[in-house]
């Protein structure tokens, strides 16, 4: 897990470093970081919104397939997969924005646990020596069990003289490092106690619940169906409950990010809902699908005309009417006879085809 957090934490650390360098306050830097990540992920959110509208257009076909092959789930899944391919639709595309949030969370935890590395860019050997000094300054009960770098910050603030061997620059960097958000220590882990930090997990859970409600309501408006179908109360509360539980396990900064992220997501979804009107998007998706099908039909007709001119056998294929198929077959047979007996080829008329 540490390797995964480090993997994602390194690039995110540079973003946080840039934000902190600009405002010199970790809490405000965290707000900027959240805004940047949301702007970067905005194209995926727009794509997700359009994907939902597109899915609404051919969902009746899926239901028809499921009903037709109710006793043969494997065949139904095969037909649905073929439908997805035909309509150029990826059912996983809607999950991507949600899945990306997890590596961001993992990376952010790493950034918060290692502020000396990511924000102050203090060399590893200096950090190692500073921790040795910290173990002599702090009582074991006051050591941060999750992050030795947070313990170093606490020790320097408590007894800066003990770290003079590391140089005044090191000490000044630590003393001037503002790791707060409106007075809240973002490195502290919320506890079940009468402490302002307890509000962070609670608000994270509430914001997650409200966001899920908004998402389902807008999804229902986009797809034209009840998104609550098949989802019980337990499932509805799972994500908010997980948000609360995780926020009690990690530094307050992660909970703050989660709260900010959920709040921005609410605003983003409202804006996307207004800008990308569900009814208009569904109509546009339907028009796009119809145009593509018409283009495919014309290409098939052209391909069969070329096959007819070469005298090749023309197999029946979906997308052509039976009359078109009969016309192409008759034309191919007539061309072969004309070449065989040296007769003049005559085009097939509508009256000759039923």
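Please treat every number below as a calculation from the coordinates, not as lab data. This one's a predicted model, so the numbers in the text were calculated from it and none came from an experiment. Counting neighbours? That spans all protein chains shown, and the Cβs are built from the backbone with ideal geometry, glycine included.
Given a Förster radius of 30 Å and the C-beta distance between residue 64 and residue 294 as r, what FRET efficiency does 1/(1 + (r/R0)^6) yield to the nearest 0.05? Efficiency for this residue pair is about 0.90. One Cα centroid belongs to segment 144-197, the other to segment 26-42; the line between them spans 23 Å. Ordering 206, 254, 271 from the fewest to the most neighbouring beta carbons within 10 Å gives 271, 206, 254. A crude spin-label estimate for the pair residue 159 and residue 77, with each label 7 Å from Cα along the Cβ direction, gives 6.3 nm. Potential lengthening of the chain between residue 333 and residue 277 amounts to 15.0 nm, from the contour at 0.36 nm per residue minus the alpha-carbon distance. A full extension of the chain between residue 178 and residue 126 corresponds to an added length of 16.7 nm, given 0.36 nm per residue minus the alpha carbon distance. Relative to the current alpha-carbon distance between residue 46 and residue 287, full extension at 0.36 nm per residue lengthens the span by 84.9 nm.
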